[in-house]
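The values are calculated or read from the model by the stated rules, or taken from the named source; none is laboratory data. Everything numeric here is computed off the predicted structure, so don't read it as measured data. Cβ atoms come from the backbone with ideal geometry, glycine included; neighbour counts cover every protein chain shown. Remember, those area values only see protein heavy atoms, side chains included, never the ligands or the DNA or RNA. Shrake-Rupley method; radii C 1.70, N 1.55, O 1.52, S 1.80 Å.
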Amino acid sequence: MDGEELTEQETALYDRQIRVWGADAQRRLSKSHILVYGMKGTVAEFCKNIVLAGVGSLTLVDDRAVTEDALSSNFLIPPNENVYAGKTLAELCCNSLKEFNPMVRVSVEKEYMQLIENKISIQITGDLSRFGGDFFDKFDIVIVSCCTRMTKKLINEKCRKLSKRVAFYTVDCRDYCGEIFVDLQKYIYTKKKLDENNQPTTVECELQYPSFQESISVPWRKLPRRVSKLYFAMRVIESFEEAEGRNPGEISMEDLPAVLKLKKELCEAQSMNESHIPNALLERLVMGKREFPPVCAIIGGILGQEVIKAISGKGDPLQNFFFFDAMDGKGVIEDISPPNV
Amino acid sequence: MASLHHSSAVKAAKVLMVGAGGIGCELLKTLALSGFQDIHIIDMDTIEVSNLNRQFLFRQSHVGQSKAMVARDAVLRFRPNISITPYHANVKDSDFNVEFFKQFNVVLNGLDNLEARRHVNRLCLAAEVPLVESGTTGFLGQVTVHAKGKTECYECQPKPAPKTYPVCTITSTPSKFVHCIVWAKDLLFAKLFGDKNQENDLNVRSSDASNSPENGEDVFERRDNENIEQYGRRIYDHVFGYNIEVALSNQETWKNRNRPKPIYSRDVLPGKLNHQNGNVDKSCATDDLSSVSTMASLGLKNPQDVWSLAENTRVFLESLKLFFASREKEIGNLSFDKDDQLAVEFVTAAANIRAASFGIPLHSLFEAKGIAGNIVHAVATTNAVVAGLIVIEAIKVLKKDIDNYRMTYCLEHPSKKMLLMPVEPFEPNKSCCVCSKSPLSLEINTHHSKLRDFVEKIVKAELGMNSPIIMHGVTLLYEVGDDLEEDMIANYTANLEKVLSELPSSVIGGTMLTVEDLQQELTCNIYIKHREEFDEEKEPDGMVLSGWTQAPLEKKDDNKKLVGNGGSTSTALPTEGQKEVELVEISEETEISGKKRKQPGISGDETNNHNEIQKLDVVDDGEDDLVILDQCDIDKKKKKRLQ
């Protein structure tokens, strides 16, 4: 922190939010750099939120072309084919996002294209994971979506190897559900509390987060009974896609029998009763190709709040998974961590 | 629960949104993405710079334009083939009557004030259209569903009447910074720059019965040949020096309180004011009035700094100067506006000096502006989450999936691991005077209270009626309307000034009055009980309305799921995190009312609910964070009637 004052323009624009989190937090936001990978509807919502909040920069990675699915839940894409033809999702979203806040530097990362020697692949899966650690070092926050389990692990590891703390988040929405994963590594932050005399005081808290790998490796039977079923269901789908070499979301009705069979196997291996993961839930996740816009707004909003908290160092960050299912309307935090963390 | 698959119900739906602000922008976008094709949207406001941090459909270039119109245009850019009908109008206009509301399948509120919410609630009940209500403040938010006959209406849990501060706290014994703000804004600023004919409680009541030396002369009038600096110092010395000395002379007041210190300008700023930038003497007639600023003139850069007593004194005197130097024409007509930089500077300084006098911590301009302007802090993310929740409930409504309607609370700190907590809606409150038409009773001194008091404080403020008709049996005592005849108007005007017992049809203990608002299709029967005495502090209005009570809450077993019984007259709230679930009213932006003479309480308010929020947050900065309910704004109503 170099103690720079907020400009008059910033003070006027950010007045209402400065009243929520303070001028100091606003300054930190303006110096933060965010990397986002996978521009689906939920991520678009998140990007809108974070740009409005006034971060320093936002870098987008997604060189897929526009599809019907993308148009259905991503309001950053202009629906006119003449406009979007030939442009990647990242490029289109970048143009829209810039308009929300001229003070934020929004850009597209394409460098990785040069890393692919022979094959030009338009799938982003796995590509970002080939980037070196020095690439991720440029950022304070990395958000990944639309990637395989392997990619999530790889990117998470690269972030963890850096000497500077790079916060790592995954976000995925399927059907009417959403999942957020948070890894802040070792995180120190301040919190207001009332002391013994009921006087407001500030305390410092320290949290230790497990990596994505460590977290999902926790044996299922060791987790509390009431852990959200969505957690397990998402892991089953993830495992299926990995086993079949699929891209995330590349799954359909025909796969359902195989998915249910895999669920059974996984439950056996984990010594967990297979009825614990409802087949109906798996069916929904398999069939639910398109994102549901209200869920995008909700998950994108929660994720936005979490990232703002992490950057500002104020307020309890969520530990370490968040689940939402519009069918029951609950937004639940689950702590999935190995016992010694 | 039935699937949320919604295409056909949504495609055919006609939806009304009320409000195109923080929640409105997010909601319109999500509705459009979710397949809604016929959306109407009402908003009377225009776009301001401070909106742009979250109302993302608007750009800098749109400042000053209609929110409803610009929102529509922005959304059509990514959904060009849907129909969005904007109305740049006040939802309370008579155009938006029951017939208008009947054309919609569901109404979605994204409002920022209690008055409008109550009005829409009544129209939805009358039109029998379900209403999805919502509100956000900072990181907190909620969404509720109201279906006539099936759930509570928005008013079944009466929103508490705004707490008012007793006059003496404001005029004589402030103990919090907010008291100083109210004094600076509603008394001093009003006295110096507002309507001079307005009675004003600015002068402290002295225990000494004799009049002040300036008998017959208004202390606050600038004398001939008095230059601005002399005038400023004289006012300063009068309110911060002399008045305090007078107050101190009343020993009783200070028996159990800290005594204030009188402050005189000569002690704080002995020399003449230095003109830092030298531009005070320039006539500012050609300058853009909105850029006239004391901070600029004095070289004070940071609105987050807490100024010293000397700096506050400089700001006080300089602001006064700038008002007279560049905005003289407005003096006598000004009312405080949080976007008026000079007014904010003056009020900040005045409040701080008073605070210094009473040993209350000083505040920055940024903080003072928030308190004086009742600014509600707001961020985009909470609005986005709430918008998503609203659409989910709207879809349930369209599919008539009544059993799955939920009230959802967005928490800042998780309760039972939940950040988003759904609760089943409660059944209608049988003693709700709005949806259950149950009678009320009013304790009032029928020999002292005038009809005017009854109309303003009970009928309009507490009952939220805009255009009331008041009858005693078959006799019309009062009504509001466009097509009234001259003699009727004269009759009503005369009635307003009469005490209840002396009305043409005498209203005394045991009388039953009928109060109606035709537009809202609401009728209330009020049983009058005569009472001689009222507590000045607790019942400053001298009137107590009762019978409109909250349904009794029963304790709930912790292990049961978070839903109500459904069977009994009331359903309970979950016990853990119960405080959080009691959030009944969260407003995004709220307004403070105009101040009227002879009002025993002067408003600067807190809601019970915000106290709830503070409790669970475990954060209290010492100063009460204000979410101030919109109270009956009498000025605004007057203007409406005269149209």
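Considering the range A:288-341 alone, what residues qualify as being more than 7 Å from chain B (Cβ to nearest Cβ), assigned to a strand (DSSP E or B) and open to solvent by 10 Å² or more (accessible area, probe 1.4 Å)?
A:314, A:325
Any residue that is farther than 20 Å from residue B:368 by Cα and open to solvent by 40 Å² or more (accessible area, probe 1.4 Å) - is there at least one of those in the range B:164-180?
yes
How do the pairs read when you match residues in the range A:173-199 that are of a type in the set (S, T, N, Q) with residues anywhere that are open to solvent by 10 Å² or more (accessible area, probe 1.4 Å) and assigned to a strand (DSSP E or B), using Cβ under 8 Å and keeping only pairs 6 or more apart or on different chains?
Final answer for the pair search is A:185/A:208; A:190/A:202; A:190/A:203; A:190/A:204; A:190/A:205; A:190/A:314.
Quick one: would you say residue A:83 is more than 10 Å from every other protein chain (Cβ to nearest Cβ), over 18 Å from residue A:168 (Cα atoms) and modelled with pLDDT of 95 or more? Explain how you work it out, then say what you get.
On the way: more than 10 Å from every other protein chain (Cβ to nearest Cβ): yes; over 18 Å from residue A:168 (Cα atoms): yes; modelled with pLDDT of 95 or more: no.
For residue A:83, the condition - more than 10 Å from every other protein chain (Cβ to nearest Cβ), over 18 Å from residue A:168 (Cα atoms) and modelled with pLDDT of 95 or more - is not met.
Quick one: in the range A:34-72, of everything that is surrounded by fewer than 23 Cβ atoms within 10 Å (Cβ to Cβ), within 25 Å of residue A:176 (Cα to Cα) and small (Gly, Ala, Ser), which residue is farthest from the other protein chains (Cβ to nearest Cβ)?
A:65
Rundown of residues vs (1) in contact with a Leu (Cβ under 9 Å, 6 or more places away or on another chain); (2) in a helix (DSSP H, G or I), yes/no style:
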| residue | (1), (2) |
| --- | --- |
| B:41 | yes, no |
| B:53 | yes, no |
| B:57 | yes, no |
| B:69 | no, yes |
| B:95 | no, no |
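Looking at B:201, B:218, B:208, B:195, which one is open to solvent by 70 Å² or more (accessible area, probe 1.4 Å), assigned to a loop (DSSP other than H, G, I, E, B) and either within 23 Å of residue B:245 (Cα to Cα) or at pLDDT below 80 (or both)? Before the answer, list the steps.
Working: B:201 fails: open to solvent by 70 Å² or more (accessible area, probe 1.4 Å); B:218 fails: open to solvent by 70 Å² or more (accessible area, probe 1.4 Å); B:195 fails: either within 23 Å of residue B:245 (Cα to Cα) or at pLDDT below 80 (or both).
On inspection, the qualifying residue turns out to be B:208.
Do we find a residue being more than 8 Å from every other protein chain (Cβ to nearest Cβ), under 26 Å from the mean Cα position of the chain (by Cα) and either assigned to a strand (DSSP E or B) or not aliphatic (A, V, I, L, M) (or both) anywhere in the range B:9-16? First the steps, then the outcome.
Applying the first criterion (more than 8 Å from every other protein chain (Cβ to nearest Cβ)) to the range B:9-16 yields B:9-16.
With under 26 Å from the mean Cα position of the chain (by Cα) added as a condition, the list becomes B:16.
Filter once more, so that each one left must be either assigned to a strand (DSSP E or B) or not aliphatic (A, V, I, L, M) (or both): B:16.
Yes, the range B:9-16 contains a residue that is more than 8 Å from every other protein chain (Cβ to nearest Cβ), under 26 Å from the mean Cα position of the chain (by Cα) and either assigned to a strand (DSSP E or B) or not aliphatic (A, V, I, L, M) (or both).
Among the residues of the range B:449-469, write down those that are without any contact (Cβ under 8 Å) to a residue 60 or more places away in the chain and either crowded, with 21+ Cβ neighbours inside 10 Å or assigned to a strand (DSSP E or B) (or both).
Within the range B:449-469, B:450, B:451, B:455, B:459, B:465, B:468, B:469 qualify.
Looking only at the range B:416-428, how many residues end up being open to solvent by less than 10 Å² (accessible area, probe 1.4 Å) and either more than 14 Å from every other protein chain (Cβ to nearest Cβ) or touching a helix residue (DSSP H, G or I) at 6+ places or on another chain (Cβ under 8 Å) (or both)?
3
Which of the following residues is farther than 24 Å from residue B:81 by Cβ, touching a Cys at 6+ places or on another chain (Cβ under 6 Å) and part of a strand (DSSP E or B): A:35, A:60? Explain how you work it out, then say what you get.
Details: A:35 fails: touching a Cys at 6+ places or on another chain (Cβ under 6 Å).
Being farther than 24 Å from residue B:81 by Cβ, touching a Cys at 6+ places or on another chain (Cβ under 6 Å) and part of a strand (DSSP E or B) holds for just one of A:35, A:60, which is A:60.
Taking only pairs six or more apart or across chains, which ones have beta-carbon atoms under 8 Å, a first residue in the range B:331-346 that is farther than 13 Å from residue B:366 by Cα, and a second residue that is surrounded by 23 or more Cβ atoms within 10 Å (Cβ to Cβ) and charged (D, E, K, R)?
Sorted first by the residue in the range B:331-346, then by its partner, the pairs are B:336/B:185; B:336/B:186.
If residue A:31 passes every condition in (1) open to solvent by 20 Å² or more (accessible area, probe 1.4 Å); (2) among the basic types (Lys, Arg); (3) within 12 Å of another protein chain (Cβ to nearest Cβ) but one, which one does it miss?
(3)
What tally of residues in the range B:368-398 results from selecting those that are in a loop (DSSP other than H, G, I, E, B) and out of contact with any Ser or Thr (no Cβ under 9 Å at 6 or more places or on another chain)? Break it down stepwise before answering.
Step one: list which residues in the range B:368-398 are in a loop (DSSP other than H, G, I, E, B), which gives B:373-379.
The next check asks that each one be out of contact with any Ser or Thr (no Cβ under 9 Å at 6 or more places or on another chain); those that pass are B:373.
The qualifying residues number 1.
Scan (1) open to solvent by 30 Å² or more (accessible area, probe 1.4 Å); (2) outside any helix (DSSP H, G or I); (3) at pLDDT below 90 for the single condition residue B:305 breaks and write down its number.
With respect to (1) open to solvent by 30 Å² or more (accessible area, probe 1.4 Å); (2) outside any helix (DSSP H, G or I); (3) at pLDDT below 90, residue B:305 is out only on (3).
Collect the residues in the range B:429-448 that are open to solvent by less than 10 Å² (accessible area, probe 1.4 Å) and polar (S, T, N, Q), keeping them in residue-number order. Lay out the reasoning, then the answer.
Applying the first criterion (open to solvent by less than 10 Å² (accessible area, probe 1.4 Å)) to the range B:429-448 yields B:429, B:432-434, B:440, B:442, B:444-446.
Across the range B:429-448, the qualifying residues are B:429, B:445, B:446.
Just a yes or no: is a residue in the range B:360-367 modelled with pLDDT of 95 or more, β-branched (Val, Ile, Thr) and in a helix (DSSP H, G or I)?
No, the range B:360-367 contains no residue that is modelled with pLDDT of 95 or more, β-branched (Val, Ile, Thr) and in a helix (DSSP H, G or I).
Going through the range B:404-417 one residue at a time, which ones are in contact (Cβ under 8 Å) with a residue 12 or more places away in the chain and either among the aliphatic types (A, V, I, L, M) or farther than 15 Å from residue B:153 by Cα (or both)? Give the steps one after another, and end with the answer.
First, the residues of the range B:404-417 that are in contact (Cβ under 8 Å) with a residue 12 or more places away in the chain: B:404-413, B:415-416.
If the condition is that a residue be in contact (Cβ under 8 Å) with a residue 12 or more places away in the chain and either among the aliphatic types (A, V, I, L, M) or farther than 15 Å from residue B:153 by Cα (or both), then B:404, B:407, B:408, B:409, B:410, B:411, B:412, B:413, B:415, B:416 are the ones that fit.
Scan the range B:61-82 and report the pairs whose first residue is in the same structural domain as residue B:21 (by TED's automatic domain parsing) and whose second residue is loosely packed, with under 14 Cβ neighbours inside 10 Å and outside any helix (DSSP H, G or I), with Cβ atoms within less than 6 Å and a gap of 6+ or a chain change.
The qualifying pairs do not exist here.
Considering (1) under 20 Å from residue B:353 (Cβ atoms); (2) part of a helix (DSSP H, G or I), say which one residue B:252 fails and leave the rest.
Checking residue B:252 against (1) under 20 Å from residue B:353 (Cβ atoms); (2) part of a helix (DSSP H, G or I), the one that fails is (1).
Going through the range B:356-413 one residue at a time, which ones are β-branched (Val, Ile, Thr) and either more than 10 Å from every other protein chain (Cβ to nearest Cβ) or surrounded by fewer than 23 Cβ atoms within 10 Å (Cβ to Cβ) (or both)? Please lay out each step first, then the result.
Step one: filter the range B:356-413 for residues β-branched (Val, Ile, Thr), giving B:360, B:371, B:375-376, B:379, B:381-382, B:385-386, B:390-392, B:395, B:397, B:402, B:408.
B:360, B:371, B:375, B:397, B:402 - these are the residues of the range B:356-413 that are β-branched (Val, Ile, Thr) and either more than 10 Å from every other protein chain (Cβ to nearest Cβ) or surrounded by fewer than 23 Cβ atoms within 10 Å (Cβ to Cβ) (or both).
Identify, please: which residue in the range A:245-275 is among the basic types (Lys, Arg) and assigned to a helix (DSSP H, G or I) and is, among those, nearest to residue A:172 (Cα to Cα)?
Let us first name the residues in the range A:245-275 that are among the basic types (Lys, Arg), namely A:246, A:261, A:263-264.
Filter once more, so that each one left must be assigned to a helix (DSSP H, G or I): A:261, A:263-264.
On the way: A:261: 23, A:263: 20, A:264: 23 Å.
Taking the candidates together, the pick is A:263.
With B:529, B:460 as the choices, which residue is more than 30 Å from residue B:102 (Cβ to Cβ) and among the basic types (Lys, Arg)? So that I can check it myself, show each step before the final result.
On the way: B:460 fails: more than 30 Å from residue B:102 (Cβ to Cβ).
After applying the criteria, what remains is B:529.
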